[in-house]
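One structure is given below, encoded as structure tokens.
The values are calculated or read from the model by the stated rules, or taken from the named source; none is laboratory data. All values derive from a computational prediction rather than experimental measurement. Every residue, glycine as well, gets a Cβ built from its backbone with ideal geometry; the counts of neighbours run over all protein chains shown. When the accessible area is computed, the model is the full protein with side chains, heavy atoms only, and any ligands, DNA or RNA have been set aside. Shrake-Rupley method; radii C 1.70, N 1.55, O 1.52, S 1.80 Å.
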Amino acid sequence: MAPRAPFSSPLAEELAGDVLERFLRYVQVDTQGAFRVAARPSTEKQLDLSRRLVEELREIGLTDAELNDGHSVFATLPGTTEAPVVGLIAHVDTTPDVNGAGVAPIVHGSWGGKAIVLPGDSRQVLDPAELPALATRVGHDVVTSDGTTLLGADDKAGIAEIMAAVSFLARTPGRKRAPIRIAFTVDEEVGRGAEGFDLDAFGADVAYTLDGSDLGELEVETFSAASMRVTIHGSSVHPGVAKGRLVNAVKLASDLVLSVPRDGLSPETTEGREGYVHPHRISGNAEEAVVDFIARDHDDALLEQHLALLRELAEQVEVREPRAKVDVEVRQSYRNMRPFIEENPRVVEAALEAIRRAGVEPKLAITRGGTDGAVLSAQGLPTPNLFTGGQEYHSVREWASVQDMAAAAATIVELAGVWAESTA
Ligand SMILES: [Zn+2]
């Protein structure tokens, strides 16, 4: 044990107990999503948590809480003053990649700084020597799973923080606040969190996802993303009589993959603002082979260049083997939210001010991924991403600091106050 780390502000300290209690409850509800399922939500069990949240919101006094279109929890906390409506968004689902059933959270109170061996699987160790963020959390109350499941801080930390903040605001009517709209979505982890999101029914003027990570971070930039499917049509012939006739699509697809840059422009060799192209799936046979790529960049013009490069490499397949035919299909996935957020700088300023009032040094960050906020921002609702205090997402070694989660909840309360000072 170490001396317990302090909270970032008296408000954070006041909210900590409720945030933790809610967090421990929510992570025990299995809400694991599934890839490649047409149904919405992709797994019915996600709604177990959604329905519970509707009930809890009503108990807090948000009487209009509902499952909006059968899956998104919507609720309103009226403001005490005329001000822009502030949206708060988090997602109930957890990643399909890691087991989310039977989560048994453990609170390592006033963590002493030694490596944490998770009791359900002793191979799973949180070693501060390898985890710089953990190394700076000596004395924090650190929450982990038992090592056999993920923890689910992504994004149940965000949900617990919103719930604790809204509960506090609802029982503290003397505190000035902007009107708040809440949304808890499904299937964020399979890229469908914002699908069919009813912006009119939501009715927010600005919004924040609580789906970030490290203390004090506000993400205002995402990747712009596209996918490309290259279908190579060869000509299959019985190998016994194939001389001069077989055009093997498997070999042509392999050549295409080999022609893709490796030293740069790939996820395994880039970081920060550097973009990439990434062949992530290959399938087929001698007659026809399909190579699926994704392309990512923070700069839309560079993303177009990456796509042009891929198209050129695909065309080269036909140049080398004129008897083959190559089809290219491009899909835009989402856009960097930065230009949409820059149109409304107050969205960022208000969040930075709220983080400061919560006693934390704010920092602007970029994400090498997308968020639901990127989709909503492109649709006209500027939605940057606030930190939650969760770390090592999508891993059985996922962890969260209670002190950091409390700071995030305090940030939400402060945010309602900052926006109340702004006229609608
Ligand atoms: Zn998330």
P(r) tail fraction, the chain - alpha-carbon pairs more than 31 Å apart, %: 44
field: Net dipole in debye of region 98-238 [+1 Lys, Arg Cβ; -1 Asp, Glu Cβ; about Cα centre; nearest 20]
entry: 420
- line: Residues meeting the amide H criterion for Ser224 (H placed from the backbone, H to H distance under 5 Å, 5 or more places apart or on another chain) are Asp297, His298, Asp299, Asn336
Theoretical ellipticity at 222 nm over the chain - DSSP helices of four or more residues, -39500 (n - 2.57) apiece, nearest 500: -10000 deg cm²/dmol
message: Ordering Arg357, Arg36, Arg245 by accessible area with a probe of 1.4 Å, largest first, what comes out?
response: Arg36, Arg245, Arg357
statement: Excluding residues fewer than 8 positions from Lys176 in its own chain, the lysines with Cα under 30 Å of it are Lys156, Lys363
statement: For region 224-230, in residue order, the Karplus 3J(HN,Hα) values (coefficients 6.51, -1.76, 1.60; θ = phi - 60°; whole Hz; Gly and Pro = x) are 9, 9, 9, 10, 9, 10, 10
Charge dipole (debye, nearest 20) of the chain; +1 at Cβ of Lys and Arg, -1 at Cβ of Asp and Glu: 580
- request: Take the Cα radius of gyration of region 133-290 and divide it by 2.2 N^0.38 Å, with N its residue count; two decimals is plenty.
  value: 1.65
task: Kindly express, to the nearest 10 degrees and within the range 0 to 90, the angle between helix 300-320's C-alpha long axis and the longest C-alpha principal axis of the chain.
output: 20
- line: Both in Å, the radius of gyration and Dmax of the C-alpha trace of region 351-424 are 14.0, 45
task: Considering the options Gly113, Leu126, Val98, tell which one lies farthest towards the positive end of the dipole of region 75-135, charges being +1 on Lys and Arg and -1 on Asp and Glu at the Cβ, about the Cα centre.
output: Gly113
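Going by average Cβ neighbours within 10 Å, how do the peptides 387-398, 153-164 rank, with the highest at the top?
153-164, 387-398
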query: Leaving out ligands, DNA and RNA but keeping every protein chain, what accessible area does Glu14 have, in Å² rounded to the nearest 10, with a 1.4 Å probe?
result: 120
statement: In whole angstrom, the spacing between the Cα centers of region 131-160 and region 382-424 equals 14
task: Starting with the highest mean, order 369-380, 257-268 by the number of other Cβ atoms within 10 Å, averaged over the residues of each peptide.
output: 369-380, 257-268
- request: Just report the Cα centroid separation between region 46-61 and region 305-372, whole Å.
  value: 34
query: Say we join alpha carbon atoms closer than 10 Å with springs in a Gaussian network model of the chain; which of Thr76, Thr270, Thr383 then has the biggest fluctuation?
result: Thr270
field: Linear extension gain, Arg346 paired with His394, 0.36 nm per residue minus alpha-carbon span
entry: 14.1 nm
query: Which ³J(HN,Hα) values, rounded to whole Hz and listed in residue order, are derived for region 388-404 from phi using the Karplus coefficients 6.51, -1.76 and 1.60 in 6.51 cos²θ - 1.76 cosθ + 1.60 with θ = phi - 60°, glycine and proline given as x?
result: 10, x, x, 9, 6, 4, 6, 8, 6, 9, 4, 8, 8, 8, 4, 4, 6
message: Could you work out the percent of alpha carbon pairs in region 1-100 separated by over 19 Å, rounded to a whole number?
response: 58
